[in-house]
Amino acid sequence: MDAQERLDAVNDTFAKRAADLEREGRHQRAPRLRERGVAAKRIPGFWMCALQGHPLLEQYISARDASILEHLTALAVSALSDTDEGFTITLSF
């Protein structure tokens, strides 16, 4: 086995362990995220304030958007797969 093959084997092992750790993290975070979501529903305008207060998003939220976001009751992010290939964001009004 040459140096590149040994490096590939190490990278493959690490990638599998990282994916397993990410899966376990999602599993452990899920109940806490649900609990936080329930608490957020009790705060009027929570998601609008959270989105407007986000340093990367605030510049994209117009006054019209804000009037709609006032009615946002939940925001959920879901991985598309066990790999790092993307996610979906679900908004509930």
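A few points about this structure:
Let's see how each residue does on (1) farther than 26 Å from Gly86 by Cβ; (2) of a type outside the set (A, V, I, L, M, F, W, C):
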site: Ala3; (1), (2): yes, no
site: Arg6; (1), (2): yes, yes
site: Gln28; (1), (2): no, yes
site: Leu33; (1), (2): no, no
site: Trp47; (1), (2): no, no
site: Leu56; (1), (2): no, no
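- Considering region 8-24, and only residues there that are among the aliphatic types (A, V, I, L, M) and open to solvent by 80 Å² or more (accessible area, probe 1.4 Å), the residue that is farthest from Leu80 (Cα to Cα) turns out to be Val10.
- Total residues in region 52-64, condition open to solvent by less than 60 Å² (accessible area, probe 1.4 Å) and of a type outside the set (Val, Ile, Thr): 2
- Every pair of residues 6+ apart whose Cβ atoms lie under 6 Å, when the first sits in region 49-76 and is modelled with pLDDT of 95 or more while the second is of a type in the set (Val, Ile, Thr) and open to solvent by 60 Å² or more (accessible area, probe 1.4 Å): none
- When region 65-84 is limited to residues that are out of contact with any strand residue (DSSP E or B) (no Cβ under 8 Å at 6 or more places or on another chain) and in a loop (DSSP other than H, G, I, E, B), the one that is least open to solvent (accessible area, probe 1.4 Å) turns out to be Ser81.
The values are calculated or read from the model by the stated rules, or taken from the named source; none is laboratory data. Computed from a predicted model, the values in this text were never measured in an experiment. When we count neighbours, we look across all protein chains shown, and the Cβ atoms used for this are built from the backbone with ideal geometry, even at glycine. Surface areas here come from the heavy atoms of the whole protein model, side chains and all, with no ligands, DNA or RNA. Shrake-Rupley method; radii C 1.70, N 1.55, O 1.52, S 1.80 Å.
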